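No lab work stands behind these numbers, since they all come straight from the coordinates. Everything quoted here is computed from the prediction, not taken from an experiment. Cβ atoms come from the backbone with ideal geometry, glycine included; neighbour counts cover every protein chain shown.
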Amino acid sequence: MKKILLGIVSAAILGHGCKKDELDVPVIDACGVDNPLENPEWLASEVQRRQNDTSPYAVFGYIEQAVYAGETLFILFDCNPAANSAMPILDCSGASIGFLGDENYTLANLTARTVIFRPSDSACNFD
């Protein structure tokens with residue numbers, strides 16, 4: 001009985017210690033920097049803006065890093081099923097270079113796609 005109780009208590013402590021909202025999102029070198037979430041400044045500001053967003057729609061946004069024609073780019077995704085959103089694509093300088101699904105940028109021609117930011121309470125499916 002003591003072993004069962006010890007097992008239950010241990011599982012409860014371990015389960016409580018692992019926060020579900022801590023994200024395991026890889027950060028990949030891009031734009032000539034080690035951590036693009038901190039530098040370039042425009043991307044760090046965008047992430048901070050999203051972290052501070054308390055609107056009910058904040059759970060639908062995330063940022064992906066990808067490669068197109070050898071260049072790193074960033075896609076500002078919105079997975080809200082009730083919205084028909086255009087997803088802007090930005091280059092390393094933060095300039096808008098198009099939208100996902102336009103004549104240049106399709107999911108098929110983007111490589112090395114990686115989610116680099118998502119809210120801890122994201123409503124998006126990443127499977």
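Give me the pairs: first residue in region 88-101 and under 16 Å from residue 70 (Cβ atoms), second residue of a type in the set (D, E, K, R) and assigned to a loop (DSSP other than H, G, I, E, B), beta-carbon distance under 9 Å, and six or more apart or on different chains, which are they?
89/102; 97/91
Restricting to region 66-87, give me the number of residues that are assigned to a strand (DSSP E or B) and either free of Cβ contacts under 8 Å to residues at least 12 places away in the same chain or of a type in the set (Ser, Thr, Tyr) (or both). Can you show your working first?
Residues of region 66-87 assigned to a strand (DSSP E or B): 66-68, 71-78.
So of that shortlist, the ones also either free of Cβ contacts under 8 Å to residues at least 12 places away in the same chain or of a type in the set (Ser, Thr, Tyr) (or both) come out as 68, 72.
Summing the residues that are assigned to a strand (DSSP E or B) and either free of Cβ contacts under 8 Å to residues at least 12 places away in the same chain or of a type in the set (Ser, Thr, Tyr) (or both) in region 66-87 gives 2.
For region 59-85: of the residues being surrounded by 12 or more Cβ atoms within 10 Å (Cβ to Cβ) and of a type in the set (Gly, Ala, Ser), which is farthest from residue 117 (Cα to Cα)?
85
How many of the residues making up region 91-109 are outside any loop (DSSP other than H, G, I, E, B) and at negative phi?
6
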